[in-house]
Amino acid sequence: MSNVYGLDFLRSEHNLPSSEGDAAATTTTSATPAFRRSSSSSIAVIPDVSHKSDLEKQSDVLIFLRQHRSSGCLPPSVIYKSLGIDLSDGGVDSAVANMLANNPKVNVEEVPDPENPSLSIMHYGYRAKFSTVRDRATLLAQINRCKHGVKWSDLTDAYDDVEKDLKKLLAGGEILGVNNPEERDKVLFPRGDHFLVELDGCVTVDLPELPVEPEDKNDLARMEAYKQELLRLKHVRQATSHLIKTDIDHRTQIRRGEAVRVGNEWFRVSSAVREGVSLDNQPPRAQAPPSVVSMKDLSKKNEVDGYVRRFDQNTLPLDGSLSEEVGIANLQSAKKARERLHAIAGGEGGTHRGVSGGASATLLSSVASEKNSSMLAGVFAKSIAASFGMAASRGPGAAGGRKRPTAMIKRPGEGGPGRRGPPGAKGKAAPDADSVKRAVEDAKQAASDPSLSYSHAVRHGCTKDVRDMYLETLDLVPTSEVDLHKVLLEKKLIEPGEKMSRPRMKRKANLDNDGKPKKRRYYERKNMRRTNTHLDGTDIGAMLAEAAERQSQGKEVGDGGISSVLIQYNNHHLSTAVSEIEITILSTIILSARVHRN
């Protein structure tokens with residue numbers, strides 16, 4: 001009995017070859033429409049496709065080529081072993097080969113035969129609509145080139161896992177997506193320039209530490225226990241990495257469903273209401289919108305049903321898990337960088353006094369700042385130098401400087417009273433200049449650590465509280481320019497003498513440095529010859545010659561004397577009939593003269 005009728009339990013791999021009768025019974029089930037291998041041997045079983053039409057065979061080949069598009073063009077032998085369709089030259093399915101050759105979705109290449117190079121074999125491959133799209137970078141570049149949008153369905157056959165990359169680009173806000181309900185498709189557009197804002201609060205993730213690999217790798221029992229524990233902890237870390245800890249409430253700055261970047265990875269704030277179901281299979285009211293920013297909260301019914309992952313003052317839920325190599329590693333590096341910065345600012349080792357305020361307060365605070373990180377690092381290093389007393393010579397205007405040093409510095413080779421206490425005296429010796437310089441350099445490196453950029457979550461656009469404040473006060477802003485100017489003056493946002501609008505830009509006058517009109521200069525090309533010699537001896541030729549002479553003298557002739565030629569010509573021939581050839585000649589001369597003048 002055949003598996004065509006859905007009796008999959010009769011397949012040979014489902015039967016044990018324990019008896020000869022069973023083996024004989026399974027021989028009748030060898031003909032299947034899909035490619036498979038026998039369980040008793042490594043010989044490939046060629047499917048029987050004699051009952052299929054040419055159109056069905058072409059469809060099977062297209063599906064097969066699309067599934068193996070990453071392999072390039074395939075020879076007919078591979079297609080025959082997998083599908084049972086013979087596309088070789090003079091084969092049984094030569095009609096299908098001709099159909100594939102004329103199919104725009106199939107790429108046909110003529111390759112020399114490895115066994116006989118004098119002959120050629122046709123190789124078949126899948127041709128996507130956008131053949132240049134091969135990875136995520138080229139995918140983003142292709143969407144950025146399509147200013148008027150590109151359909152989601154036109155990109156799904158580009159390469160393997162292209163839909164996964166499209167979802168990541170859409171979730172991270174690198175592209176824009178608009179639903180098309182008529183075609184049940186989505187249109188993708190380039191985003192352009194990004195406007196990213198850091199959220200308040202330092203983000204961390206609480207994960208169990210991975211076990212240490214045993215030194216004795218020959219101990220099989222310990223190695224097996226280590227592998228099992230490592231696998232279990234990795235699963236726990238992946239399952240709990242979607243809950244991000246924060247020390248400032250994020251609910252006033254971002255909504256569920258909006259895009260957020262944590263550890264240099266983009267996610268959506270979780271809006272799932274069903275456990276164990278992907279975000280695409282959630283109810284429509286619980287799915288994240290295509291846009292990375294929402295103007296209002298999701299449906300209230302979601303709160304009645306209850307969200308799967310909590311979103312409170314200390315937790316930021318994500319719709320996915322952080323990766324070990326990128327997200328988790330960046331958050332751990334940021335935590336170590338903050339701890340190092342706090343240790344230096346607090347006077348690590350007692351070599352200097354602790355610093356606070358100014359750049360130190362900005363760097364050590366959990367509140368996001370718009371200040372330049374390199375500038376903050378420089379100011380923080382100056383504050384550390386001031387704690388050693390090095391900024392005293394710069395005066396009180398220096399950053400973090402004091403009028404008197406807090407510690408005396410002993411330079412190499414210097415001595416004398418007051419530099420170092422006598423033996424047995426209380427107090428610590430003053431640090432030398434090299435140690436101070438080294439401490440200041442360490443402080444600058446710690447403050448400019450790139451890992452500190454992963455301390456805050458990042459979102460697109462302004463935060464929720466800022467947008468709400470703008471919308472609430474929008475009606476208070478005057479619509480008239482005069483009223484707006486008065487309000488700006490009252491709030492001291494502009495100077496009293498500042499004008500309401502910018503002055504118009506003056507047109508550049510056609511004057512030279514002395515204030516005189518610039519003279520128009522005419523230049524003749526070298527080896528320039530007249531081509532309208534057939535007009536010599538006529539009224540038109542005489543007028544053109546006169547205009548050319550005036551032009552060579554540097555006199556103003558307007559459009560080359562053509563206007564005067566027309567006026568005089570019309571006056572002379574007003575009473576006579578003008579031929580069509582003369583009108584054509586005049587029109588050509590006028591057009592060429594105007595183009596040359598412009």
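Per-residue 3J(HN,Hα) values for the stretch 494-500, derived from phi via the Karplus relation 6.51 cos²θ - 1.76 cosθ + 1.60 with θ = phi - 60°, read 9, 6, x, x, 6, 6, 6 Hz in sequence order (x marks Gly and Pro). Using θ = phi - 60° in the Karplus curve 6.51 cos²θ - 1.76 cosθ + 1.60, the 3J(HN,Hα) couplings for the stretch 58-74 round to 5, 5, 5, 5, 4, 5, 5, 5, 5, 5, 10, 5, 6, 8, x, 7, 10 Hz; x is entered for Gly and Pro.
For the stretch 273-324, the spread of Cα positions along the three principal axes, ordered from largest to smallest, is 33, 27, 23 Å.
In this structure the amide hydrogen of residue 106, modeled in the peptide plane, comes within under 5 Å of the amide hydrogens of 127, none closer than 5 places in sequence on its chain.
Label-to-label distance for residue 488 and residue 81 is 7.6 nm, based on points extended 7 Å past Cα in the beta-carbon direction.
In this structure, the amide hydrogen of residue 180, modeled 1.01 Å from its nitrogen in the peptide plane, lies closer than 5 angstrom to those of 185, 186, 187, counting only residues at least 5 positions away or on a different chain. Pairs over the 28 Å Cα-Cα cut-off, from the set 167/296; 57/186; 147/245: 57/186; 147/245.
The distance from the alpha carbon centre of the stretch 248-320 to that of the stretch 45-97 is 46 Å, rounded to a whole number. Scalar couplings 3J(HN,Hα) for the stretch 435-441, obtained by applying the Karplus form with A = 6.51, B = -1.76, C = 1.60 to θ = phi - 60°, are 5, 5, 4, 5, 5, 5, 5 Hz; x denotes Gly and Pro. Near the amide H of residue 202, within less than 5 Å, lie the amide hydrogens of 247, 248, all on another chain or at least 5 residues away, with H placed in the peptide plane. Here the accessible area is traced with a 1.4 Å probe on the protein chains. For the stretch 46-125, carbon and sulfur cover 52 percent of it.
For the pair residue 210 and residue 475, label points projected 7 Å from Cα toward Cβ lie 5.7 nm apart.
Using only alpha carbons, the stretch 435-511 has a radius of gyration to Kirkwood radius ratio (Rg to Rh) of 1.29. In percent, rounded to a whole number, the relative contact order of the stretch 105-207 is 21, using alpha-carbon pairs under 8 Å and six or more apart.
The values are calculated or read from the model by the stated rules, or taken from the named source; none is laboratory data. From a predicted model like this one, the values you see are computed outputs, not experimental measurements. Reconstructed Cβ throughout: ideal geometry from the backbone, glycine too, with neighbour counts over all protein chains shown. For accessibility, only protein heavy atoms count, side chains too; no ligands or nucleic acids. Shrake-Rupley method; radii C 1.70, N 1.55, O 1.52, S 1.80 Å.
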